[in-house]
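The values are calculated or read from the model by the stated rules, or taken from the named source; none is laboratory data. None of these values were measured; they are calculated from a predicted model. Using ideal geometry, Cβ is built from the backbone for each residue, glycine included, and neighbour counts are taken over all protein chains shown. Just so you know, the surface numbers come from the protein's heavy atoms only, side chains and all, with ligands and any DNA or RNA stripped out. Shrake-Rupley method; radii C 1.70, N 1.55, O 1.52, S 1.80 Å.
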Amino acid sequence: MALAYFHKQSSPSAGWIKTTGDWAFDLFLGLLVFALVFMAGWFTSHFKVIQVSKRWLETHLLKHELTVWLHRLNLVAVALVFIHVQLIDYIRAIIPFMIWFDGATLLVALSYIWQKFSSQRLAQLQQTQLIAPNVLELTLSVPKQLMRQYLPGDFLFLAIPQQPGLQEPHPFSITKFDMKRRQLTLTIRGDGDFTRQLQKLKPPIAVTITTGFGQYEQLLTRRQPQQLLLIGGGMGVVPLLAVVQQHPELTTDFFYSAHSQRALLYPQEFATWEQRPNFKGHLQVGHFEADTILQTLPQNLENLAVMIGGPQALGQYWRTRLQQHGVAADQIYYEEFTW
């Protein structure tokens, strides 16, 4: 945007060349501000007024599908830039550059279209169940070839084409895998218009899902740890549950806190995992004292991997404290769902 601004100021133009350039710049600038407020959690967390305004807008005005379409205005801005360049005579006269420019644009456009349609797969929502106040569990039946593409800790994008208000994809973490039945479980709290509408669905119903995204499993692949420390807060615990389910071989300390007893999800799963000789679960209402968690750190930190899930303040706090106690930054992974 800085380079575009300097270009705009130092290379004055007129007519449609100026108009298309100005429209593109204004669109990109507006969308940049929009993204800073609604997608950059590190930004809103430092300004209380912006944080409160964001929540009000999300609740009263900017529904999920509308925000998705607003982001798609980036495509309009890109098209305007393309037209802007085509209108400049002395640029268009540079044949090698135009071949490169048009070819790159075509390649990216085709790649975008291919990814847009090839990444979505049909599945079926088989069952929904409220497992806690305002917390819904969804059971999806997934094609066999697609099940192999998910990893523990991944999230996917879910949409329901036949339901108004649910037709645009929304990201949700995977709670459980059942390869034998080809089922995925999602656990979702009704925080916004999209998630609250999910509670009204009557299965079975067709859904579209993408392949998995995420980095939790990549941390294990990269580090090959012997010991695992998990710190989860509230709904941020969901992807960590899948990691524990899929890795019984790892010595694991799991610290999980929530605001109330009823908000502590899947206590029965923790009870089952406690039967493992190498698993210790710690569930409580309210935050853990730092020393309670830090005293579980092994003497040899090289064999440790740490995964954090929960509110941004929790993630930032524990990344800082753990690094202060000698845990390397690349041994810690926290996935911020602040967008």
Notebook entry, point to check: Of all residues in segment 218-251, how many are open to solvent by 10 Å² or more (accessible area, probe 1.4 Å), among the β-branched types (Val, Ile, Thr) and outside any helix (DSSP H, G or I)?
Noted result: 1
Margin query: Of the conditions (1) touching a residue at least 60 places away in the same chain (Cβ under 8 Å); (2) closer than 21 Å to residue 310 by Cβ; (3) aromatic (Phe, Trp, Tyr), residue 213 satisfies every one except a single condition; which number is it?
Written below: (1)
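Take the residues in segment 193-206 that are within 19 Å of the chain's Cα centre (by Cα) and under 27 Å from residue 149 (Cβ atoms), then tell me which one is surrounded by the fewest Cβ atoms within 10 Å (Cβ to Cβ). Lay out the reasoning, then the answer.
Of segment 193-206, the ones within 19 Å of the chain's Cα centre (by Cα) are 193-196, 198.
After this cut, where a residue has to be under 27 Å from residue 149 (Cβ atoms) as well, the list is 194-195, 198.
Working: 194: 22, 195: 18, 198: 20.
Of everything passing the filter in segment 193-206, 195 is surrounded by the fewest Cβ atoms within 10 Å (Cβ to Cβ).
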Notebook entry, point to check: For segment 208-217, what are the residues that are closer than 25 Å to residue 330 by Cα and either assigned to a strand (DSSP E or B) or of a type in the set (A, V, I, L, M) (or both)?
Noted result: 213
Item checked: strands (runs of 3 or more DSSP E) contained in segment 152-207 and holding at least 2 residues touching a residue at least 40 places away in the same chain (Cβ under 8 Å) and farther than 26 Å from residue 58 by Cα -> 170-178, 183-189
Notebook entry, point to check: Which residues, counting only those in segment 84-123, are exposed (fewer than 10 other Cβ atoms within 10 Å of the Cβ), of a type in the set (A, V, I, L, M, F, W, C) and within 27 Å of residue 209 (Cβ to Cβ)?
Noted result: 117
Margin query: For segment 141-170, which positions are open to solvent by less than 10 Å² (accessible area, probe 1.4 Å) and within 12 Å of residue 198 (Cα to Cα)?
Written below: 158, 159, 160, 166
Checklist line | Selection within segment 319-339 - free of Cβ contacts under 8 Å to residues at least 60 places away in the same chain, crowded, with 16+ Cβ neighbours inside 10 Å and hydroxyl-bearing (Ser, Thr, Tyr) | finding: 334
Item checked: Pick from segment 300-318, criterion within 16 Å of residue 228 (Cβ to Cβ) and surrounded by fewer than 21 Cβ atoms within 10 Å (Cβ to Cβ), ranking: modelled with the lowest pLDDT -> 300
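Taking the residues in segment 31-42 that are open to solvent by 50 Å² or more (accessible area, probe 1.4 Å) and modelled with pLDDT under 80 as candidates, determine which candidate is farthest from residue 78 (Cα to Cα). Even if it seems obvious, please write down each step before you answer.
First pass over segment 31-42, keeping only residues open to solvent by 50 Å² or more (accessible area, probe 1.4 Å): 32-33, 36, 39, 42.
Then keep just the ones that are modelled with pLDDT under 80; that gives 39, 42.
Details: 39: 20, 42: 27 Å.
Among residues in segment 31-42 that are open to solvent by 50 Å² or more (accessible area, probe 1.4 Å) and modelled with pLDDT under 80, the one farthest from residue 78 (Cα to Cα) is 42.
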